[in-house]
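What follows is calculated from the coordinates using simple rules that are stated; it is not laboratory data. Remember, it's a predicted structure, so these values are computed and weren't measured experimentally. Note: ideal-geometry Cβ built from the backbone for every residue, glycine included; neighbour counts use all protein chains shown.
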Amino acid sequence: MKPDDNETRHVVVEREFSHPPEKVWRALTQPHLIEEWLMKNDFQLAIGHSFHLHGDWGGVLDCEVLAIEQGKMLSYSWNLTHDDPAFDLRSVVTFTLAPVPTGTRLRVEQAGFRPDQPQAYGGAKSGWPRLLSSLEQLLDRTE
């Protein structure tokens, strides 16, 4: 079935980590740790805080913290402005943490891909698993 022109798509990736939720939360919310697995940033854990993520490719994402449930959920806008409007992206990324017997289940959802953005959607589908692998490596080597 072809998506409606007004529908947006979302990417969901879940992974279990053998680390407690508090440790995963720190990696999602402390700027020096975010830089190690995601991108350079000027993040602050405060609703309404505007920040930037600086990609290795030279692009900059404009973000704003939208929601925080301490230790459990973090949501922020993930916006990229491009010279070509087809590549403009207005999306929301939500991280949800749940304790499990072996550590933490992390669910990442990026919502807001328009049907005319197959490249951005495909990039997120392949990118988030790679980023979560980098997050796991960071968690494994830090206290």
In nm, the gap between the two label points placed 7 Å beyond Cα toward Cβ at Gln119 and Thr96 is 3.2 nm
Obtain the radius of gyration and the Kirkwood radius of the stretch 10-141 from its C-alpha atoms and give Rg over Rh.
0.95
In nm, the gap between the two label points placed 7 Å beyond Cα toward Cβ at Glu14 and Glu69 is 1.5 nm
Among all lysine pairs in the chain that are eight or more places apart or on different chains, how many have alpha carbons less than 24 angstrom apart?
6
Measure nothing fancy, just the Cα-based angle from helix 118-141's long axis to the longest principal axis of the chain, in degrees from 0 to 90, nearest 10.
10 degrees
Give the long-range amide H neighbours of Trp78: residues separated by 5 or more places, or on another chain, with amide H under 5 Å away, using H modelled in the peptide plane at 1.01 Å from N.
Ser91, Val92, Val93
In vacuo Debye scattering of the stretch 75-143, one point per C-alpha: log10 I(q)/I(0) at q = 0.15, 0.18, 0.21, 0.29 Å⁻¹?
-0.60, -0.79, -0.96, -1.34
Tally Lys and Arg at +1 and Asp and Glu at -1 over the other residues with C-beta under 12 Å from the C-beta of Gln110: what net charge comes out?
+3
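Add -39500 (n - 2.57) for each DSSP H run of 4 or more in the chain, then divide by its residues: what number comes out at 222 nm, to the nearest 500 deg cm²/dmol?
On the way: 3 runs with 40 residues, N = 143.
Per the formula, -9000 deg cm²/dmol.
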